[in-house]
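Have a look at the structure below before the remarks.
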Amino acid sequence: MPVLHVHLPGEVPYRKAWAWQRTRLTQMIRNPQLPDGLLLLTHPPVYTLGAGADPKFLKSLPGQIGSPDTQPESPATGGPEILRVERGGEVTYHGPGQWVGYAILNLKRHCLDIHWYLRQLEQVVIETVAYFGLRGERIPGLTGVWVEGHKVAAIGIKVSRWITYHGFALNVCPDLAAFEAIVPCGIPDRPVGSLVQFCPEVTMAAVAPMLVKSFCEVFGLQAQAVSLEEWLGGKEES
């Protein structure tokens, strides 16, 4: 069974994780034999917009929109950064209590269909929440996963030469008030939720291995835990 390089570094600033993805992407383009990779982590509070996202969905959130490849600027309010990145989708929030999965997969090994890939990522989340007795659902015409009408997982990806990056965010127990400053994913009429709302005993620690397990089952891969240097394709962290 093909290997999936998995690295769980804990909490990582958004800009650093973005750079790690770019490094792995470059290495996989240069070396087609490099296995698929999954980076599973959490971020300090940050808002991100997709490449074509409309700033109006920031509502009245103060601060300049930056880019992850520039020097960080401290927001005037002292609050979270706001960054525009190359993934698809509108604005979302990342922060503690949320698992973010960055999947660097070569779709030439799987299926050359981006819509198929999005549905597979949704399936990963659906199978993960099922371990905790929850029924994850899709909504036709939208991307993501809902539980009892609340969106618990957002998905935004980018594909370069059929290699994916960016990925999914699953709300386990974040501060949902952070989503009130935006129109999450540009969807004004559907609430954001978290797993702990529906399964009070769920923890971040319990969800992580189930996410990895579900990811491997959905994509037909075998997880192999690796160091950061290995995950970066043998390139030391910059």
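VAL152 meets each of the listed conditions (1) assigned to a helix (DSSP H, G or I); (2) open to solvent by less than 40 Å² (accessible area, probe 1.4 Å); (3) of a type outside the set (Ser, Thr, Tyr) apart from (1).
Taken as a whole, the structure leaves GLU122 outside the set of residues that are closer than 30 Å to THR70 by Cα and among the charged types (D, E, K, R). Determine, yes or no, whether ARG87 is in a loop (DSSP other than H, G, I, E, B), within 19 Å of CYS185 (Cα to Cα) and of a type in the set (Lys, Arg). So ARG87 passes the test.
All conditions but one from (1) within 26 Å of TRP116 (Cα to Cα); (2) at pLDDT below 95; (3) loosely packed, with under 14 Cβ neighbours inside 10 Å apply to GLU236; the one that does not is (1). Under the condition of being in contact with a Leu (Cβ under 8 Å, 6 or more places away or on another chain) and within 14 Å of ILE163 (Cβ to Cβ), the residues counted in the stretch 5-38 number 10.
Determine, yes or no, whether PRO68 is open to solvent by 70 Å² or more (accessible area, probe 1.4 Å), more than 25 Å from ALA208 (Cα to Cα), in contact (Cβ under 8 Å) with a residue 12 or more places away in the chain and not aromatic (Phe, Trp, Tyr). Here the answer is no, as PRO68 does not meet what is asked. One residue stands out in the stretch 127-145 among those that are open to solvent by 30 Å² or more (accessible area, probe 1.4 Å) and in a helix (DSSP H, G or I): the one that is nearest to GLN197 (Cα to Cα), namely ALA130. Restricting the first member to the stretch 86-109 and to residues that are more than 23 Å from GLY10 (Cα to Cα), and the second to residues that are outside any loop (DSSP other than H, G, I, E, B) and among the charged types (D, E, K, R), the beta-carbon pairs closer than 8 Å and six or more apart or on different chains are GLU86/LYS158; GLY88/LYS158; ASN106/ASP36; ARG109/ASP36. Within the stretch 11-26, the residues that satisfy the criterion of being open to solvent by 30 Å² or more (accessible area, probe 1.4 Å) and not in a helix (DSSP H, G or I) are GLU11, PRO13.
Tell me, yes or no, whether the stretch 169-186 has at least one residue that is surrounded by 14 or more Cβ atoms within 10 Å (Cβ to Cβ), among the small types (Gly, Ala, Ser) and under 18 Å from GLU11 (Cβ atoms). Yes, the conditions are met somewhere in the stretch 169-186.
Filter the stretch 155-183 down to the residues that are out of contact with any helix residue (DSSP H, G or I) (no Cβ under 7 Å at 6 or more places or on another chain) and assigned to a loop (DSSP other than H, G, I, E, B) and list them by number. Matches in the stretch 155-183: PRO174, ASP175.
Applying the condition of being closer than 18 Å to SER160 by Cβ and β-branched (Val, Ile, Thr) to the stretch 90-126 and asking which residue is least open to solvent (accessible area, probe 1.4 Å) yields ILE104.
The values are calculated or read from the model by the stated rules, or taken from the named source; none is laboratory data. Computed from a predicted model, the values in this text were never measured in an experiment. Here Cβ is always computed from backbone atoms with ideal geometry, including for glycine, and neighbour counts include all displayed protein chains. Side chains included, ligands, DNA and RNA excluded: accessible areas come from the protein's heavy atoms. Shrake-Rupley method; radii C 1.70, N 1.55, O 1.52, S 1.80 Å.
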